[in-house]
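First up is the structure itself, then whatever we jot down about it.
Please treat every number below as a calculation from the coordinates, not as lab data. Note that this is a predicted model, so its numbers are computed, not measured. Don't worry about glycine lacking a Cβ; one is built from the backbone with ideal geometry, like all the others, and counts go over all protein chains shown.
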Amino acid sequence: MDGAGEASGQPGIASPGAPVPEALAEPVRRVGPGWVTGLVLVNVGINTAFFAPLNVLLGLQATALDPGHKEAILSLVTACGAAVALVANPLFGALSDRTTSRMGRRSPWILAGAVLGVAGLLSLSGAGAVAALLLFWCLVQAGANAAYAAITAAIPDRVPVPQRGRVGGLAAMGQTAGIMLGSVIGFVISGNVALGYWICAAALAVSVVPYLLRPDDPALPRRLRGPFRWGSFLGGFWINPLRHRDFGWAWLTRFMMNVGNQLTIVYLLFFLTDVIGHPDPALGVLVLTGIYAVLVIVGAVLAGPWSDRTGKRRIFVTVSSVVIACSALTMALFPVWPGAVAGAALLGLGFGTYLAVDFALLTQVLPSAAARGKDMGVINVANALPQVIAPAIALVAVKFLGGYTALFVVAALIGLGGAALVRNIKSVP
């Protein structure tokens, strides 16, 4: 790995011959079940805080505020929240890289992010105007992304390479469980929006406690933190893909796979309504989402350890990318309910495998041990940005390129393109 010194605005690296502090060293000691459990629970809490509002609560509030303009209100609020997420994740990741607290580099930001997220969720429970809805949702996005940036960076900080597939799979399981829990909360609250937000806030607060109670987050020595300069700090977010080719290819392939995944699911409700003619499209979406989520967990939990045992990552990423593309083609070629079920199953299995193994691969191509938080935050942009641009691509495909068949074919082609580019990553087998 290349060192990031003071010129980059990131923490410095110990001088040649000096012992490398644990916070910056490549981990070699396997993490135990207690640490992994804490990691999984943080992911569950963060994703519950994200997806219960996105799936149900914000929509109910938008409807209550102005039924005639609910779509516009929801679009405005979620778009602003997505913009905050795009900035907050790498920003807080970079700040955590420079943190010299006795709690370590990551734990203070998990704590601060959870507190900020809980405050935003509780404030949303009483939001009675569009401006308040927008402000407090952005607050939730900022807090939850601060915690997410820190917990994501903790994996390359603490987990040795031969264990990262397994841990990446379990982290993906926690994310998916949080999404499912968010859907359940939306289903059981029976329109009581305030109660839904209080449950989300409690879930987020409780989820971070087991991780924070473990006093084993390595601290960065103050002598290794370079002076802060705005120019070098902001410039550090640009990672030259020509200098760090494997990182650049890994970012691009992840971006393409997330675009393909989003295109497959963004208009699922309309696809069931307009093409398949499902008698209860909302129930159909719930069933397909359940199938997808279960198989994401199965794929992640099985493929992660398998890639650890073989020591190979690229073949798993390539095959899972092809499976994801095949899910879109299945729905394009068989626009009936069994085709949708098969497509959801393939998408879940492929994406679960992809999430676990590609995450492990990404941690092996980070440019600098001193800037893992910032670099993982830049990687997370490849997760968030497709959520912003995929709806626009989907609209063009459906309206101008031939309808839902064109949409799913475009999704498949983008996914296959991402699969083909994986071979350009040279440093990881």
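Along segment 371-377 the Karplus relation, 6.51 cos²θ - 1.76 cosθ + 1.60 evaluated at θ = phi - 60°, assigns HN-Hα couplings of 10, 4, x, 5, 5, 5, x Hz to successive residues, with x for each Gly and Pro. Our coupling estimate for segment 162-176, obtained by passing each phi through the Karplus curve with A = 6.51, B = -1.76, C = 1.60 and θ = phi - 60°, is x, 10, 6, x, 4, 5, x, x, 5, 5, 5, 4, x, 4, 5 Hz, Gly and Pro reported as x. Within the listed set Asn145, Asn192, Asn258, the residue fluctuating most in the Gaussian network model of the chain (springs between alpha-carbon atoms under 10 angstrom) is Asn192.
Which of Ala153, Asn47, Leu76 sits farthest toward the positive end of the charge dipole of segment 28-216, with +1 on the Cβ of Lys and Arg and -1 on the Cβ of Asp and Glu? Farthest towards the positive end: Ala153. Axis angle, to the nearest 10 degrees, between helix 281-310 and the longest C-alpha principal axis of the chain: 30 degrees.
Net charge in the neighbourhood of Leu421 (other residues with Cβ under 15 Å of its Cβ; Lys, Arg +1, Asp, Glu -1) is +4.
Straight-line cross-link partners of Lys426 among the lysines, defined as a Cα under 27 Å from its Cα and at least 8 positions apart when in the same chain: Lys312, Lys374. Amide H contacts for Phe237 (H built 1.01 Å from N in the peptide plane; partners 5 or more residues away or on another chain; cut-off under 5 Å): none found. Estimated at 0.36 nm per residue, the fully extended path between Asn192 and Met103 surpasses their Cα-Cα distance by 28.2 nm.
Could you let me know the centre-to-centre spacing of segment 188-210 and segment 117-182, using Cα atoms, in angstrom? Computed from Cα coordinates, the inter-centre distance equals 13 Å.
If I take all pairs of Cα atoms in segment 245-424, what percentage of them are more than 26 Å from each other? So the portion of pairs separated by more than 26 Å is 29 percent. Only Lys, Arg, Asp and Glu carry charge here, each on its Cβ (+1 for the first two, -1 for the last two); on that basis segment 28-216 has a dipole of about 780 debye about its Cα centre. Across the options Leu133, Ala172, Val56, the greatest Cα extent toward the positive end of the charge dipole of the chain (unit charges at beta carbon of Lys, Arg, Asp, Glu) belongs to Ala172. If you average 1/r over all unlike Cα pairs in segment 28-216 and invert the result, what Kirkwood radius do you get in angstrom? Every distinct Cα pair counted, the radius reaches 16.7 Å.
Across the chain, Cα pairs under 8 Å and at least six residues apart give a relative contact order of 27 percent. With θ taken as phi - 60° and the Karplus curve 6.51 cos²θ - 1.76 cosθ + 1.60 applied, the whole-hertz 3J(HN,Hα) list for segment 128-137 is x, 8, 4, 4, 5, 4, 5, 4, 6, 5 Hz, x standing for glycine and proline.
With bins 10 Å wide beginning at 0, the percent of Cα pairs of the chain falling in each bin runs 5, 22, 32, 27, 12, 3, 0. Largest mean-square fluctuation among Pro305, Pro386, Pro21, in a Gaussian network model of the chain whose springs join Cα atoms under 10 Å apart, belongs to Pro21. Secondary-structure-derived ellipticity at 222 nm for the chain, considering helices only, amounts to -24000 deg cm²/dmol, per-run term -39500 (n - 2.57) for DSSP H runs with n ≥ 4. Ordering Ala392, Ser427, Val357 by Cα displacement along the dipole of the chain toward the positive end leaves Ser427 in first place; charges were set at the Cβ atoms of Lys, Arg (+1) and Asp, Glu (-1). Placing unit charges on the Cβ atoms only, positive for Lys and Arg and negative for Asp and Glu, gives the chain a dipole magnitude near 1200 debye about its Cα centre.
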